[in-house]
Amino acid sequence: MKEEKLDSLAIFRTRGDHVSWDKYIEQIDLIDLNDDEKRRAKNGMQYLRKKLGEDFLRHAVETGNQVFGWFFANAAPHARRSLVRLAEELKSFEGVDGFKGLADRLKDARSAEEALTVLGVASSFSPAGFSVAFDPNVKVTSRVSDLVIVDPKTDEEVYVEVSRLRKGGQREINEQTFNRMFFAVHNAIWQSAGAFDPNAPKARPYVQILKPLSDKDLSDAATAITKRIFDAARTDEYLEYKFKDSIEMAVSPPSDHSKAEAWAADRGMTDFVEAPPINVERELKKAIDKIHDEIAQIPPDKPGIIAIPTSENLLFFFFSPQQIVFNIADEIRRYPNLLCVILFHSVMEGPQEPTLATSGEHA
């Protein structure tokens, strides 16, 4: 007889359970981890409890701190392995200069993501033999870098500035429009007349986004689209609709999907909601602009490194490594104290073997 797996989310029965350290420690035994991973996860949870504070989980939920969303709310095995890594990396720097400030930033929803990024970069330099300090105070300038690393053989100090390459503003607007329309369409399908029967046919809408919408227009468009889906299900009639010059849609009733499917085929649509491709032509220029901005944080008379994680950006998905290297190398030559720029893209957890591309003197 096959052993039934326990539901790792079933232990959260009340609102208080969702912000209880004890519940998350108990949950570890219900997640598909080996014995060593469970032991390390429990140790990591207890360490974070001590460093972040008993009230951290409640405050993190109330303020939307991403530390909770990434490492606690997600009960997948890879999320618990990532929590282990977070706790062990944080513990490895306990006692170094600036550690308390880093821990405090993790508690604050406004600075937590930045603190996680700085911690990740510091954890790459430390195994290479460098000693690390956070938020070094440089007396010759008012500028403050994120890290200072010291070569133990020569005592040379190198100042490191860490800055995430975020999504472009236009991409944020595009995603906001798509997500709002997507959820409006799917919610309307399952809330319209007759949808309570999971086996019964449903209304079939197709929504094509022609350009992104403002917040006000988003709300109006979602309401109008929802109404058309409800109307098609209620009246058993095919409908077409256009919202300004931004969105067009067709919806067939549950009894006959042919007209909406033909409408979608004429436009090359295959999904219920589709939007224009994201324009990523400016992603490389954004990386170069970021370097120009961050160099100001490095003391002009000290050697420096700029580390830029690009995991929120499409840089590495659109441009070849050689193209990135060629353009970045041209720019950084104007800064004689800049030793190098590091751009990297990583995943939450999994195999940690890096993939490197080389071009001349660059890697």
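What are the residue pairs meeting all of these: first residue in region 60-83, first residue closer than 11 Å to residue 112 by Cα, second residue at pLDDT below 90 and part of a helix (DSSP H, G or I), Cβ atoms under 7 Å, and 6 or more apart or on different chains? What qualifies is 66/113. Applying the set (1) open to solvent by 80 Å² or more (accessible area, probe 1.4 Å); (2) touching a helix residue (DSSP H, G or I) at 6+ places or on another chain (Cβ under 8 Å) to residue 62 leaves exactly one unmet item: (2). Within region 278-312, the residues that satisfy the criterion of being under 15 Å from residue 163 (Cα atoms) and of a type in the set (S, T, N, Q) are 297, 310, 311.
If you scan region 250-274, which residues turn out to be under 20 Å from residue 174 (Cβ atoms) and either of a type in the set (Val, Ile, Thr) or open to solvent by 50 Å² or more (accessible area, probe 1.4 Å) (or both)? Please lay out each step first, then the result.
Kept after step one, since they are under 20 Å from residue 174 (Cβ atoms), are these residues of region 250-274: 267-274.
Of everything in region 250-274, those that are under 20 Å from residue 174 (Cβ atoms) and either of a type in the set (Val, Ile, Thr) or open to solvent by 50 Å² or more (accessible area, probe 1.4 Å) (or both) turn out to be 267, 268, 270, 271, 272, 273.
Please determine, by comparing only the residues of region 121-151 that are over 13 Å from residue 305 (Cα atoms), assigned to a loop (DSSP other than H, G, I, E, B) and in contact with a helix residue (DSSP H, G or I) (Cβ under 8 Å, 6 or more places away or on another chain), which one is modelled with the lowest pLDDT. So the residue we want is 143.
Please work out if residue 101 is open to solvent by 20 Å² or more (accessible area, probe 1.4 Å), within 25 Å of the chain's Cα centre (by Cα) and either at pLDDT below 95 or among the β-branched types (Val, Ile, Thr) (or both). Write out each step before concluding.
Working: open to solvent by 20 Å² or more (accessible area, probe 1.4 Å): yes; within 25 Å of the chain's Cα centre (by Cα): yes; either at pLDDT below 95 or among the β-branched types (Val, Ile, Thr) (or both): yes.
Yes: the conditions hold for residue 101.
Looking at region 210-225, is at least one residue of a type outside the set (Ser, Thr, Tyr), over 19 Å from residue 191 (Cβ atoms), touching a residue at least 60 places away in the same chain (Cβ under 8 Å) and open to solvent by 60 Å² or more (accessible area, probe 1.4 Å)? Yes, some residue in region 210-225 is of a type outside the set (Ser, Thr, Tyr), over 19 Å from residue 191 (Cβ atoms), touching a residue at least 60 places away in the same chain (Cβ under 8 Å) and open to solvent by 60 Å² or more (accessible area, probe 1.4 Å).
Can we say residue 192 is touching a residue at least 40 places away in the same chain (Cβ under 8 Å), open to solvent by 60 Å² or more (accessible area, probe 1.4 Å) and either over 26 Å from the mean Cα position of the chain (by Cα) or under 20 Å from residue 277 (Cα atoms) (or both)?
Details: touching a residue at least 40 places away in the same chain (Cβ under 8 Å): yes; open to solvent by 60 Å² or more (accessible area, probe 1.4 Å): no; either over 26 Å from the mean Cα position of the chain (by Cα) or under 20 Å from residue 277 (Cα atoms) (or both): yes.
Considered against the rule, which asks whether it is touching a residue at least 40 places away in the same chain (Cβ under 8 Å), open to solvent by 60 Å² or more (accessible area, probe 1.4 Å) and either over 26 Å from the mean Cα position of the chain (by Cα) or under 20 Å from residue 277 (Cα atoms) (or both), residue 192 comes out as no.
The values are calculated or read from the model by the stated rules, or taken from the named source; none is laboratory data. Treat the numbers as computed from the prediction; the structure is a model and nothing was measured. As a convention, Cβ positions derive from the backbone with ideal geometry for all residues, glycine included, and neighbour counts pool all protein chains shown. We work out accessible area using only protein heavy atoms, side chains counted, and drop any ligands, DNA or RNA first. Shrake-Rupley method; radii C 1.70, N 1.55, O 1.52, S 1.80 Å.
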